[in-house]
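*Asks:* Mind looking over this structure? Questions follow.
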Amino acid sequence: HRSPTETDLPSRGSAPHLLVTLTGHGFGHAAQACVVVRALRERLPALRLTICATLRRPVLAELFGEPFELVNEPPDPGGLVMTSPFDVDVEASADAYAAFHANWDARVRHDARALAELAPDALLADVP
């Protein structure tokens, strides 16, 4: 397999733009995605990074490195509501998902507009 290069991503600007969306369910998804992003940044030093997540910026900076733009909106209802590392609050989780999907059409229109405005060249999503 060949490593990606700057010319592998169709960029509208001087640097390819990657949008990373992360579920708000814990830190594990960010920890997984940052490995991919760090490897890409080694190969594509000019990579422009936008992260859509509800994690705090200092946490994301530690994992992904700077610079990046942060869109602090949840891309999903945040996973399951947990009462412990192993126990799911089924009722609260169902309520959270129902609320998230209550205005589905409006949410899709909002996300489509936001994606068009960000205009990334590539998208990396970890379980949104």
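The values are calculated or read from the model by the stated rules, or taken from the named source; none is laboratory data. In this text, all values refer to a predicted model and were calculated from it rather than measured experimentally. FYI the Cβ positions are ideal-geometry reconstructions off the backbone, even for glycines, and counts take in every protein chain you see. For accessibility, only protein heavy atoms count, side chains too; no ligands or nucleic acids. Shrake-Rupley method; radii C 1.70, N 1.55, O 1.52, S 1.80 Å.
*Asks:* Test LEU44 against the criterion of being more than 17 Å from the chain's Cα centre (by Cα) and among the aliphatic types (A, V, I, L, M), and give yes or no.
*Replies:* Numbers: more than 17 Å from the chain's Cα centre (by Cα): yes; among the aliphatic types (A, V, I, L, M): yes.
Yes.
*Asks:* Please tell me if LEU60 is in contact with a strand residue (DSSP E or B) (Cβ under 9 Å, 6 or more places away or on another chain) and either open to solvent by 50 Å² or more (accessible area, probe 1.4 Å) or not in a helix (DSSP H, G or I) (or both).
*Replies:* Details: in contact with a strand residue (DSSP E or B) (Cβ under 9 Å, 6 or more places away or on another chain): yes; either open to solvent by 50 Å² or more (accessible area, probe 1.4 Å) or not in a helix (DSSP H, G or I) (or both): no.
Against the criterion (in contact with a strand residue (DSSP E or B) (Cβ under 9 Å, 6 or more places away or on another chain) and either open to solvent by 50 Å² or more (accessible area, probe 1.4 Å) or not in a helix (DSSP H, G or I) (or both)), LEU60 does not qualify.
Each row is one residue, and each column tells you yes or no for (1) open to solvent by less than 80 Å² (accessible area, probe 1.4 Å); (2) in contact (Cβ under 8 Å) with a residue 12 or more places away in the chain.
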| site | (1), (2) |
| --- | --- |
| GLY79 | yes, yes |
| PRO85 | no, no |
| VAL90 | no, no |
| ALA99 | yes, yes |
| ALA102 | yes, no |
| ALA106 | yes, no |
| HIS110 | yes, no |
| ALA122 | yes, yes |
| ASP126 | yes, yes |
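*Asks:* Condition first: farther than 21 Å from LEU115 by Cα, open to solvent by 30 Å² or more (accessible area, probe 1.4 Å) and not polar (S, T, N, Q). Can you find one or more residues in segment 16-25 that meet it?
*Replies:* Start the filter on segment 16-25 by keeping residues that are farther than 21 Å from LEU115 by Cα, which leaves 25.
Imposing the further condition that a residue be open to solvent by 30 Å² or more (accessible area, probe 1.4 Å) reduces the set to 25.
Filter once more, so that each one left must be not polar (S, T, N, Q): 25.
Yes, some residue in segment 16-25 is farther than 21 Å from LEU115 by Cα, open to solvent by 30 Å² or more (accessible area, probe 1.4 Å) and not polar (S, T, N, Q).
*Asks:* Still on this structure, I have one more. If I ask for residues that are of a type in the set (A, V, I, L, M, F, W, C), assigned to a helix (DSSP H, G or I) and over 8 Å from PRO77 (Cβ atoms), which ones from segment 96-112 would you list? Lay out the reasoning, then the answer.
*Replies:* Filtering segment 96-112 down to residues of a type in the set (A, V, I, L, M, F, W, C) leaves 96, 98-100, 102, 104, 106, 108, 112.
Those still in the list that are assigned to a helix (DSSP H, G or I) too: 96, 98-100, 104, 106, 108, 112.
Of everything in segment 96-112, those that are of a type in the set (A, V, I, L, M, F, W, C), assigned to a helix (DSSP H, G or I) and over 8 Å from PRO77 (Cβ atoms) turn out to be ALA98, TRP104, ALA106, VAL108, ALA112.
*Asks:* Ok, one more. On the basis of being under 30 Å from LEU47 (Cα atoms), in contact with a strand residue (DSSP E or B) (Cβ under 7 Å, 6 or more places away or on another chain), touching a residue at least 12 places away in the same chain (Cβ under 8 Å) and open to solvent by less than 70 Å² (accessible area, probe 1.4 Å), does LEU118 make the cut? Let's see the steps before the verdict.
*Replies:* Working: under 30 Å from LEU47 (Cα atoms): yes; in contact with a strand residue (DSSP E or B) (Cβ under 7 Å, 6 or more places away or on another chain): yes; touching a residue at least 12 places away in the same chain (Cβ under 8 Å): yes; open to solvent by less than 70 Å² (accessible area, probe 1.4 Å): yes.
When the stated conditions are applied, LEU118 passes them.
*Asks:* So which of HIS29, HIS25 ends up being part of a loop (DSSP other than H, G, I, E, B) and in contact (Cβ under 8 Å) with a residue 60 or more places away in the chain? Working first, answer last.
*Replies:* Values: HIS29 fails: part of a loop (DSSP other than H, G, I, E, B).
The conditions single out HIS25.
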